[in-house]
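The values are calculated or read from the model by the stated rules, or taken from the named source; none is laboratory data. Bear in mind that the values here come from a model prediction, so they are computed numbers and not experimental data. Cβ: placed from backbone, ideal geometry, glycine included. Neighbour counts: every protein chain shown.
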Amino acid sequence: MAQLPDGSVAPDFTATDIDGVEWNLYELLDAGTTVIIDFYATWCGPCWSYRATGALDDVWEQLGPDGTGEVIVFSMESDDTTTAEDLAGTGSATTGDWITGTPFPMFDDCGDIFDLYENTYYPTIYTICPNHILTESGQQDAAGHIAVATAASCAAASEPTDAAVLSYTGETVACAGSPTAISVELMNMGTEPLTACTIELVYNGATELSYNWTGNLDTYGVTDVQVGSHEFSSATSFEVRAVAGGDANASNNAVMSAVELATPSTSLIYVHILTDGWGEETSWSITDGGGTVYGSVNEGTYANQTAYEEYVSVPSNGCYFFTIGDSYGDGLMGSQWGSTDGFCNVASVNADLTYSSWLYVYEGDYNFEQENAAADVNTVVNVEGLQAETSFAVYPNPVSDVAFLELNMGQAADVNMTVLNLLGQTVMTENLGNVAAGQRRVELNFTNLQSGVYLVSLDMGASTQTLRVTVK
């Protein structure tokens, strides 16, 4: 899963191959040539195994300069610590001779281009179409690569006027009745300059927003168009499309997207994060629509494999946004790199710190660079005096697997938890140690308990309290 997603505009570069020939990516693309780039390292076993299949050799033979002339293949060694000897197969960090028998241009020391494309592993293989749009074509056989390179969507510009919408770039979470910013990435896929088109927001069969764009985009030029704002009353799938006079190719005029409405929330928001093996990559913030920050953690703050808890109080009713980022682009999914997965759970809570609503739940099971959630605050919680009494709550209740024990300690005390079934048998115990005054949250794993009703009893020094919990 390369970090530049399919449909991205490929960054331009100029590089000199090992024979001293200089190449510029956009010059090739603008001439109607499709470019396949194989990013690899000389010591990479999977890279060598794929190279040995000869798939890209076959593509070069059929579509390269001695074939149809439609494709150029670049072989780009991207670990700058390796040497020319490694490339030739005589060094100490190599799997073999990469040069002999390779018919297409080869490049060394391409780490800067590897980083420009935000790659994270070897080999990463892209097909870049004449319109500058890339697809991670990967370790396919020759037929697979040829299918990508010769698809109609990968053809060069042919119509005089062709307004293409590459992607939706606007907001995807919003509060009901609040303005949602609508924007798209517009490309000129026509052979003539694109100077005007109309961008429309369409759903439920009606055009809800229209914007007349004017400018001057050369062939394959790209611009971000701020279409305007729209107030959604419900979660909605919609289409954003470009309409230009004389556009004879409607297949690339529109993209689909959707907006999710914010979860009703109190003004007291609880953030619970467990980092993976690279905690310094994680950041988050809670802001309002105007960009005012009410709580945040910057990249480089968190330690590895460590749990963090924080309450953030926002001042009034309205729409607020939680954003979490991972600078490497793999989320908190540390298990794919030999570490452990983290998680991030965000909830709104009441004045007694009991659960009100879930705003964001992520269990470390997929990659992301940034994710967003919205809170529609309709209840302002008075945060003064939250520590006046010793109390606890368990939520969600009923619980299926994992719940949270929310402690509100009026004063420091040793805390012991006992879970009993309705027969009075002890099925779980845990010593939480000496807990300081204030709030603390503990994760409880009920996975091994059978369905039924249980009594969770906490001995908190001078106070012993019991709560019924249903396990489903």
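In summary, strands (runs of 3 or more DSSP E) completely within segment 380-448 and bearing 2 or more residues that are under 19 Å from Val469 (Cα atoms) and either more than 37 Å from the chain's Cα centre (by Cα) or at pLDDT 85 or above (or both) occur at 413-421, 426-435. Any residue in segment 297-319 that is touching a residue at least 40 places away in the same chain (Cβ under 8 Å), outside any strand (DSSP E or B) and aliphatic (A, V, I, L, M)? Taking every residue of segment 297-319 in turn, at least one turns out to be touching a residue at least 40 places away in the same chain (Cβ under 8 Å), outside any strand (DSSP E or B) and aliphatic (A, V, I, L, M).
Restricted to segment 322-344, and to residues there that are out of contact with any helix residue (DSSP H, G or I) (no Cβ under 7 Å at 6 or more places or on another chain) and among the hydroxyl-bearing types (Ser, Thr, Tyr), the residue that is surrounded by the fewest Cβ atoms within 10 Å (Cβ to Cβ) is Ser335. When Leu87 is tested against (1) within 30 Å of Ala164 (Cα to Cα); (2) more than 28 Å from the chain's Cα centre (by Cα); (3) among the hydrophobic types (A, V, I, L, M, F, W, C); (4) buried (at least 21 other Cβ atoms within 10 Å of the Cβ), only condition (1) is not met. Within segment 169-186, is there a residue that is in the same structural domain as Ser251 (by TED's automatic domain parsing) and over 30 Å from Pro264 (Cα atoms)? Yes, the conditions are met somewhere in segment 169-186. Six or more apart or on different chains, Cβ under 6 Å: which pairs go from a residue in segment 331-343 that's assigned by TED's automatic domain parsing to the domain that holds Glu369 and touching a residue at least 12 places away in the same chain (Cβ under 8 Å) to one that's surrounded by fewer than 18 Cβ atoms within 10 Å (Cβ to Cβ) and among the hydrophobic types (A, V, I, L, M, F, W, C)? Could you list them? Sorted first by the residue in segment 331-343, then by its partner, the pairs are Gly331/Phe368.
Taking the criterion of being in a strand (DSSP E or B) and farther than 12 Å from Gly318 by Cβ, the residues of segment 265-285 that qualify are Thr266, Leu268, Ile269, Tyr270, Val271, His272, Ile273, Leu274, Thr282, Ser283, Trp284, Ser285. Taken as a whole, the condition of being free of Cβ contacts under 8 Å to residues at least 40 places away in the same chain and in contact with a strand residue (DSSP E or B) (Cβ under 8 Å, 6 or more places away or on another chain) does not apply to Gly289. Kindly evaluate Asp79 against the criterion of being part of a helix (DSSP H, G or I), buried (at least 17 other Cβ atoms within 10 Å of the Cβ) and either modelled with pLDDT of 95 or more or hydroxyl-bearing (Ser, Thr, Tyr) (or both). Judged against the criteria, Asp79 is not a match.
Considered as a group, the residues in segment 249-263 that are in a loop (DSSP other than H, G, I, E, B) and within 16 Å of Asn131 (Cβ to Cβ) include one that is modelled with the highest pLDDT, and that residue is Asn253. The residue of segment 15-43 that is surrounded by the most Cβ atoms within 10 Å (Cβ to Cβ), among those that are closer than 13 Å to Cys110 by Cβ and more than 29 Å from the chain's Cα centre (by Cα), is Thr42.
Scanning segment 305-329 for residues that are within 21 Å of the chain's Cα centre (by Cα) and within 15 Å of Ser265 (Cβ to Cβ) yields Tyr320, Phe321, Phe322. Residue count for segment 355-366, restricted to those that are surrounded by fewer than 16 Cβ atoms within 10 Å (Cβ to Cβ) and assigned to a loop (DSSP other than H, G, I, E, B): 3. Considering the conditions (1) touching a Phe, Trp or Tyr at 6+ places or on another chain (Cβ under 6 Å); (2) modelled with pLDDT of 90 or more; (3) not in a loop (DSSP other than H, G, I, E, B), Gly331 is excluded by exactly one of them, (3).
Evaluate segment 80-101: report whether one residue or more is under 20 Å from Ala143 (Cβ atoms) and free of Cβ contacts under 8 Å to residues at least 24 places away in the same chain. The answer is no, given that none of the residues of segment 80-101 is under 20 Å from Ala143 (Cβ atoms) and free of Cβ contacts under 8 Å to residues at least 24 places away in the same chain. The combined condition, being of a type in the set (Asp, Glu), under 25 Å from Asn188 (Cβ atoms) and surrounded by 15 or more Cβ atoms within 10 Å (Cβ to Cβ), is fulfilled by Glu136. Can you work out which of the residues in segment 130-163 that are in contact (Cβ under 8 Å) with a residue 24 or more places away in the chain and under 24 Å from the mean Cα position of the chain (by Cα) is farthest from Val240 (Cα to Cα)? It comes out as Gln139. Exactly one residue among Asp224, Asp247 is among the acidic types (Asp, Glu) and within 26 Å of Asp12 (Cα to Cα), and that residue is Asp224.
Applying the condition of being within 21 Å of the chain's Cα centre (by Cα) and surrounded by 15 or more Cβ atoms within 10 Å (Cβ to Cβ) to segment 239-259 and asking which residue is nearest to Val184 (Cα to Cα) yields Val255.
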